[in-house]
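Worksheet: one structure, shown below.
The values are calculated or read from the model by the stated rules, or taken from the named source; none is laboratory data. Remember, predicted model here, so these are calculated numbers, not experimental data. Cβ sites come from the backbone with ideal geometry, for glycine too, and all protein chains shown count toward neighbours. These accessible areas exclude ligands, DNA and RNA; they are computed on the full protein's heavy atoms, side chains included. Shrake-Rupley method; radii C 1.70, N 1.55, O 1.52, S 1.80 Å.
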Amino acid sequence: DRILKVAQPKEDPRVIAKTYLSEKGLPKDIALTFEDVTILDFKSDVPSRSSITDTRSRLARDIFLNTPIVSANMDTVTEARMSIALARLGGLGFIHQFLPIERRVEEVKRVKRADSGIIENPATIHPEATIGEVKKLMAEMQISGLPVLDSATKKLVGIISSRDVRFEAINDKRVAEVMTHLPLITAPPGTTLEQARIIFKKNKIEKLPLVDGEDKIVGLITAKDILKIAQFPQALRDQKGHLMVGATVGIGKNFIAEAKELARAGADVILIDTARGFSTRLEDAVKSLRESLDHTPIVAGNVDTPDGALMLIEAGADAIKVGIGPGAVCKTREGPGVGIPQITAIAECTAIAQKYGIPIIADGGIRGGAHFCKALAAGASSVMIGWMLAGTEETPGEPFYEDGEKWKIYRGSASLEFQLSRMDRDELERVRAPEGVPRRVHYKGEVKLVVDELMSYLRSSMSYVGSWTLEEYIQKTKFRRQTTSGHEEGKPV
């Protein structure tokens with residue numbers, strides 16, 4: 001039904017692509033990548049990059065990013081820590097698919113619990129539970145307090161916090177012995193965050209249970225969450241104030257059941273990811289998942305041609321992931337020899353996707369600010385980044401020291417090393433010819449440093465083009481081809 005409601009292109013996808021390429025100043029008969037082009041500057045009324053505040057873009061359906069960056073669904077890039085950090089900065093993380101479904105579900109839940117606004121179903125404990133049980137639950141859920149409910153009536157009878165158990169050495173001691181008993185400061189259902197802020201200030205408390213007329217808890221507001229909302233004004237949040245997160249499935253036999261579990265856990269968007277996106281297998285998978293997930297947006301990929309993009313759009317995808325072979329740890333161009341250079345791939349897929357109002361995610365090849373800006377200028381609504389985020393504090397894995405420097409591991413999902421690790425977990429039956437490689441990357445500190453740098457370059461590029469919004473930048477920007485010596489000329493000596 002969604003497809004029938006939008007304008008159908010009457011022309012051949014490749015004809016549409018060639019028209020778009022011409023409008024962008026790109027050649028029709030040769031495929032180009034980032035170093036092959038430069039962005040043209042126009043007369044601008046933007047006084048400085050700091051004047052630009054609108055970098056909002058659409059990820060999929062009605063999900064709008066405040067920062068057009070999503071993290072790669074790779075095992076050395078995105079789990080809950082990366083997703084939390086990126087969502088607080090206005091972007092979004094896609095939990096990778098190479099975890100058991102139970103782990104992926106828990107990673108999604110960790111993101112949704114991180115900044116809660118109003119917690120509708122808070123974790124609770126009963127008075128007969130032990131301090132050991134409280135400590136374990138707090139550690140697992142990364143929370144600092146639990147409402148205490150009567151085992152029989154389920155009514156609120158107290159609250160226990162990390163301060164109550166921090167120095168308790170006797171783990172067999174009962175919750176009732178150390179909790180804060182009634183009366184407690186509570187509020188009725190419907191209390192707003194601003195009202196809660198006033199209550200916190202007046203009573204100097206940290207947790208505010210929302211209690212109905214029968215003394216049963218229906219929600220919880222924490223001072224910590226209210227402070228986070230003020231601390232991260234650009235954060236990407238759902239209607240309930242939770243951070244938004246994406247989750248990934250492959251196209252194995254249980255992918256529909258897995259996607260449903262991830263959506264129930266709170267995933268705001270589901271990515272179906274495979275290296276060969278222009279395939280009947282992915283086409284059928286998108287169609288099947290579209291029938292099973294009525295409300296959750298679906299991202300599908302990867303493709304790099306207008307025909308591939310059209311196939312996934314007609315199958316029911318809400319966003320298309322574009323890129324075959326440009327990644328820093330990908331060997332698809334070297335091994336099978338397949339893949340369209342990324343600027344042309346983005347532009348051609350954008351050309352057809354625009355006809356349907358479907359956004360493009362540019363995936364791969366981003367080595368710096370210029371690549372990031374050019375990917376958006378070519379038509380992408382957001383950019384998926386792996387290599388530049390690899391090595392940050394929030395990526396999975398521990399840093400290590402070698403050659404007197406600090407490093408972390410970054411590897412392709414089709415690398416030999418990663419395939420062997422999947423075989424050890426009985427997730428893979430045999431090793432294929434590797435199309436990815438492992439790399440050590442310098443430790444980079446917090447992901448915020450990388451995101452701030454990229455966004456600074458983007459705002460600068462927007463000011464050169466004379467665009468106040470990212471939407472205007474994408475529409476207005478044009479390229480000009482440059483020689484290798486022209487590219488070298490632009491580098492500092």
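Worth a mention:
- When Glu79, Glu102, Glu106 are checked against the criterion of being over 27 Å from Gln231 (Cβ atoms) and among the acidic types (Asp, Glu), a single residue qualifies: Glu102.
- Contacts under 6 angstrom Cβ, first residue in the range 82-96 being under 16 Å from Ala267 (Cβ atoms), partner of a type in the set (Ser, Thr, Tyr) and assigned to a helix (DSSP H, G or I), 6 or more apart: Gly93/Ser83
- Members of the range 14-28 that are in contact with a Lys or Arg (Cβ under 9 Å, 6 or more places away or on another chain) and not polar (S, T, N, Q): Ile16, Ala17, Lys18, Leu21, Glu23, Lys24, Gly25, Leu26, Pro27, Lys28
- Where a residue in the range 176-196 is touching a residue at least 40 places away in the same chain (Cβ under 8 Å) and its partner, wherever it lies, is in a loop (DSSP other than H, G, I, E, B), with Cβ under 8 Å and at least six apart: Ala176/Pro127; Ala176/Glu128; Val178/Glu168; Met179/Pro127; Leu193/Gly117; Leu193/Gly241
- The one condition from (1) over 27 Å from Leu59 (Cβ atoms); (2) open to solvent by less than 60 Å² (accessible area, probe 1.4 Å); (3) at pLDDT 95 or above that Pro438 does not meet is (3).
- Residue within the range 249-269 that is free of Cβ contacts under 8 Å to residues at least 40 places away in the same chain, open to solvent by less than 20 Å² (accessible area, probe 1.4 Å) and within 23 Å of Ala123 (Cα to Cα) present: no
- Within the range 113-154, the set of residues being under 9 Å from Leu220 (Cβ atoms) and of a type in the set (D, E, K, R) comprises just one member, Glu120.
- Filtered residues of the range 141-183 (kept if open to solvent by less than 30 Å² (accessible area, probe 1.4 Å) and of a type in the set (Gly, Ala, Ser)): Gly145, Gly158, Ser161
- From the list Ile324, Ile343, Ile313, the one residue that fits, being touching a residue at least 40 places away in the same chain (Cβ under 8 Å), buried (at least 23 other Cβ atoms within 10 Å of the Cβ) and part of a loop (DSSP other than H, G, I, E, B), is Ile324.
- Thr67 of a type in the set (Val, Ile, Thr) and in contact with a Pro (Cβ under 6 Å, 6 or more places away or on another chain): no
- The helices (runs of 4 or more DSSP H) located wholly in the range 1-119 that include 2 or more residues which are open to solvent by 10 Å² or more (accessible area, probe 1.4 Å) and over 30 Å from Lys408 (Cα atoms) occupy 13-24.
- Scope the range 346-357; condition open to solvent by 10 Å² or more (accessible area, probe 1.4 Å) and in contact with a Ser or Thr (Cβ under 9 Å, 6 or more places away or on another chain); matching residues: Glu348
- The lone exception for Phe278 - which of (1) open to solvent by 20 Å² or more (accessible area, probe 1.4 Å); (2) under 24 Å from Thr67 (Cα atoms); (3) not charged (D, E, K, R) it fails: (2)
- Flag if Lys287 is surrounded by fewer than 17 Cβ atoms within 10 Å (Cβ to Cβ), out of contact with any Leu (no Cβ under 9 Å at 6 or more places or on another chain) and farther than 17 Å from Ile118 by Cα: yes
- Of all residues making up the range 407-434, the number that are surrounded by 14 or more Cβ atoms within 10 Å (Cβ to Cβ), modelled with pLDDT of 60 or more and not hydrophobic (A, V, I, L, M, F, W, C): 5
- Scanning the range 196-211 for residues that are surrounded by 13 or more Cβ atoms within 10 Å (Cβ to Cβ) and farther than 18 Å from Arg163 by Cα returns Ala196, Arg197, Ile199, Leu210, Val211.
- Qualifying residue in the range 330-350 (condition: touching a strand residue (DSSP E or B) at 6+ places or on another chain (Cβ under 6 Å), within 17 Å of Arg61 (Cα to Cα) and at pLDDT 95 or above): yes
- Residue match in the range 301-310 (condition: in a helix (DSSP H, G or I) and under 22 Å from the mean Cα position of the chain (by Cα)): yes
- Odd one out for Tyr410 among (1) within 15 Å of the chain's Cα centre (by Cα); (2) in a strand (DSSP E or B): (1)
- Filtered residue count, the range 142-168, keeping only those that are in a loop (DSSP other than H, G, I, E, B), closer than 20 Å to Arg113 by Cβ and out of contact with any helix residue (DSSP H, G or I) (no Cβ under 6 Å at 6 or more places or on another chain): 2
- Subset of the range 185-206 (residues that are within 34 Å of the chain's Cα centre (by Cα), part of a helix (DSSP H, G or I) and of a type in the set (S, T, N, Q)): Gln195
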